[in-house]
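Reading through the structure tokens given below for one structure.
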Amino acid sequence: MRQLNLDQLRTLIAIADLGTFSAAAKALHLAQPTVSLHISELESRLDAQLVVRGNRRVTPTAAGAALVERGRKLLRDTDDAVEAVKRQAEGRTGRVRLGTSTGVVVDLLPQVLEALGARHAGIDVEVSILGSYEAMARLAAGTLDIGLVAMPQPPLRELVVTPWCDQAMMAFVPQRWKAPRRVTPAWLAAQPLIFNDATTHMYRLSMEWFAAAGFAPRARIELNYDAAIRSLVAAGYGAALLPLQQTTDAALNERMQILPITPRLTRRLGIAHRQRALLDGATQSVLQVLTAFRQV
């Protein structure tokens, strides 16, 4: 037996609901001969009489009533499936894999996700804590959709990196330390230091700043979690070079000095993704929200 034709099934249900072929034809915007053809073909396909034609009203047979009952659910499921595909294509639903550093997660990403939830509640963003190098590698491999990465990045085929946010680097110094109003590489290099891991872009940015002034300091400890670095600074373990970020931990801030540095240093973040022609609707929706938070 061939599969059911959904248009013919919809016609049968309209006849059952409205009682006549002509009323069903009008409701479905079909010619009445087309409605008659739908029913005859459906009966032929199922080898069963589905309706009884009376003087004033057409009524379903027992077989027709059974098909109408199950057909309603089938059409609802079909409409739901079509709507799900439409939502996915239009970027109103879906799952997006996003990679970012811990600093962005703490400071900027919560605002982005709140805005995304308000605009596109059906999109689920799966966040991974990744360094820039790993994020770019996963984008190239197709296992990540969007990366918030340090700039500049070496060009990779089919990947796009656009500026997103500039963050001023500051000296984070324990509160009890006597420090200058503006911190220089010479002063900071003489202090116990906490750095990001040597594999990170942040480490390279910091070392280039010291090297330009003729210094190559070594850290007491290297970490990849900005919040942990700030906690160690507050505890007096050492000083650090970090981007200026908003933090709601007032008690932690009271135990640190956050001082400008000379010469100035800026960390640049970019949004990395595949070319837009290769992106699904959900990923494009997330990119639109991220772009709204652009600060360069």
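How big is the Rg/Rh ratio for the range 167-267, C-alpha atoms only, Rh by Kirkwood, two decimals?
My calculation puts Rg/Rh at 0.92.
What does the net charge come to around GLN8 if you take all other residues with beta carbon closer than 9 Å to its beta carbon, with K and R at +1 and D and E at -1?
My count for the surroundings of GLN8 gives 0.
For the chain, take the longest principal axis of its alpha carbons; what is the angle in degrees between that and the long axis of helix 201-212, to the nearest 10 within 0 to 90?
Roughly 30 degrees, rounded to the nearest 10.
What is the Å³ per residue value for the convex hull set by the Cα atoms of the range 1-50?
Enclosed volume per residue, from the Cα hull, is 61 Å³.
Rounded to the nearest 5, what % of DSSP beta bridges with both residues in the chain are antiparallel?
60
List the relative contact order of the range 103-181 as a percent without decimals, with contacts defined as Cα pairs under 8 Å and 6+ residues apart.
Computed value for the range 103-181: 16 percent relative contact order.
Mind pulling the angle between the C-alpha long axis of helix 62-89 and the longest principal axis of the chain? Nearest 10 degrees, somewhere in 0 to 90.
For 62-89 against the chain, the angle is about 30 degrees.
Show the residues, 5+ positions off or on another chain, whose built amide H is closer than 5 Å to the amide H of ARG95.
Amide H to amide H, under 5 Å and 5 or more residues apart or across chains, ARG95 pairs with ASP124.
Can you give me the accessible area per residue for the chain, using a 1.4 Å probe, in Å²?
Roughly 53 Å² per residue, with all protein chains present.
In square nanometres, what is the average projected area of the Cα convex hull of the chain?
22.5
Given Cα pairs under 8 Å that are at least 6 residues apart, what percent is the relative contact order of the chain?
Averaging sequence separation for qualifying contacts and normalising by length gives 22 percent for the chain.
Of the peptides 266-278, 43-55, how do they stack up when ordered by the mean number of other Cβ atoms within 10 Å, highest first?
Ranking the peptides 266-278, 43-55 by packing returns 266-278, 43-55.
Mind listing the Cα extents of the range 6-89 along all three principal axes, in Å, largest one first?
47, 24, 20
What does the charge add up to near HIS38, with Lys and Arg as +1, Asp and Glu as -1, over the other residues with Cβ less than 13 Å from its Cβ?
-1
Taking LYS178 as the anchor, which aspartates and glutamates have their alpha carbon closer than 17 Å to its alpha carbon, excluding any fewer than eight residues away along the same chain?
LYS178 reaches GLU254.
Between the helical axis of 32-46 and the dominant principal axis of the chain, each derived from Cα atoms, what acute angle in degrees is found, rounded to the nearest 10?
On a 0 to 90 degree scale, this one is about 90.
Could you name the lysines whose alpha carbon sits less than 25 Å from that of LYS86, not counting residues in the same chain fewer than 8 places away?
Cα-Cα hits under 25 Å: LYS73.
Carbon and sulfur: what percent of the chain's accessible surface (1.4 Å probe)?
Roughly 52 percent of what the probe reaches on the chain is carbon or sulfur.
The values are calculated or read from the model by the stated rules, or taken from the named source; none is laboratory data. This structure is a prediction, so every number in the text was calculated from the model and none was measured. With ideal geometry, Cβ positions are generated from the backbone for all residues, glycine too; neighbour counts draw on all protein chains shown. The protein model used for the area step is the full one, side chains on, heavy atoms only, and it has no ligands, DNA or RNA in it. Shrake-Rupley method; radii C 1.70, N 1.55, O 1.52, S 1.80 Å.
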